[in-house]
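Since the structure comes first, as structure tokens, the remarks are kept for the end.
The values are calculated or read from the model by the stated rules, or taken from the named source; none is laboratory data. Quantities reported herein were computed from a predicted structural model and do not represent experimental measurements. Glycine gets a Cβ as well: all are built from the backbone with ideal geometry, and neighbour counts include every protein chain shown.
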Amino acid sequence: EPEVTQTPSHQVTQMGQEVILRCVPISNHLYFYWYRQILGQKVEFLVSFYNNEISEKSEIFDDQFSVERPDGSNFTLKIRSTKLEDSAMYFCASRSRSRESGANVLTFGAGSRLTVL
Amino acid sequence: KNQVEQSPQSLIILEGKNCTLQCNYTVSPFSNLRWYKQDTGRGPVSLTIMTFSENTKSNGRYTATLDADTKQSSLHITASQLSDSASYICVVSALTGGGNKLTFGTGTQLKVEL
């Protein structure tokens, strides 16, 4: 079964450092998403991406965050200067273009755990 | 503000028993409701997705119900197994100009014991 692949699985970084989280969405999917989940809290939407541009973003997704699809397969989330409160599990997700309800389901990756010290 | 509330927050049951998880939502305009299973340290995995016109949908031992009038959904797990231990998340989708926007519940943490 097709999977969304995320790397690294866990990254530890110092406050103020730049972090890049990588995702390889399912190959025929066209919509890409980043979500985060702080430990013990619910999953929160960060950003959606379609046709090489951001289609929607939440208030969490401030100027410290950026996304990119550099080579047609990878989808990256960059945090320019990490803060302690950025410590969370970051999930990448993708879906196909079809509007049928079944095909509208997001497929999530296993997540990248970011720990900011 | 769109919200999804789930109950109970956590639940412990014995293997083989049934259980029902609840989800109440205030999301508008409603598009669909999904139940996801999230194992510890993993990404959510879709169990069911239901649109406005669907009342019941089953996926193996999982049966989801939807009452769009009262804005409630339930997930019933039959003959629970140890592997059912996970967080079950109710996610409601609202129609927006740019597509669907998802609102996540906080999840019900289910533990199945021997």
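Looking at region B:43-101 only, could you name the residues that are under 20 Å from B:Q9 (Cα atoms) and of a type in the set (A, V, I, L, M)? B:V45, B:L47, B:A64, B:L66, B:L75, B:I77, B:L82, B:A86, B:I89, B:V91, B:V92 - these are the residues of region B:43-101 that are under 20 Å from B:Q9 (Cα atoms) and of a type in the set (A, V, I, L, M). Being more than 12 Å from chain A (Cβ to nearest Cβ), of a type in the set (V, I, T) and part of a strand (DSSP E or B): is that true of B:T103 here? It is false that B:T103 is more than 12 Å from chain A (Cβ to nearest Cβ), of a type in the set (V, I, T) and part of a strand (DSSP E or B).
Can you spot a residue in region A:53-61 that is free of Cβ contacts under 8 Å to residues at least 40 places away in the same chain, within 11 Å of chain B (Cβ to nearest Cβ), of a type in the set (S, T, Y) and touching a Leu at 6+ places or on another chain (Cβ under 8 Å)? Checking region A:53-61: at least one residue is free of Cβ contacts under 8 Å to residues at least 40 places away in the same chain, within 11 Å of chain B (Cβ to nearest Cβ), of a type in the set (S, T, Y) and touching a Leu at 6+ places or on another chain (Cβ under 8 Å).
Here is a yes/no grid of residues against (1) exposed (fewer than 13 other Cβ atoms within 10 Å of the Cβ); (2) modelled with pLDDT of 90 or more; (3) among the hydroxyl-bearing types (S, T, Y):
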position: A:Q6; (1), (2), (3): no, yes, no
position: A:Q14; (1), (2), (3): yes, yes, no
position: A:E44; (1), (2), (3): no, yes, no
position: A:E56; (1), (2), (3): no, no, no
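Every listed requirement among (1) under 15 Å from the mean Cα position of the chain (by Cα); (2) within 12 Å of chain A (Cβ to nearest Cβ); (3) over 18 Å from A:Y35 (Cβ atoms) is met by B:N24 save one, (2).
Residues are listed down the side, and each one gets a yes or a no for (1) away from chain B (no Cβ under 14 Å); (2) modelled with pLDDT of 90 or more:
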| residue | (1), (2) |
| --- | --- |
| A:E68 | yes, yes |
| A:N74 | yes, yes |
| A:L77 | yes, yes |
| A:R80 | yes, yes |
| A:K83 | yes, yes |
| A:S94 | no, yes |
| A:S98 | no, no |
| A:V105 | no, no |
| A:S112 | no, yes |
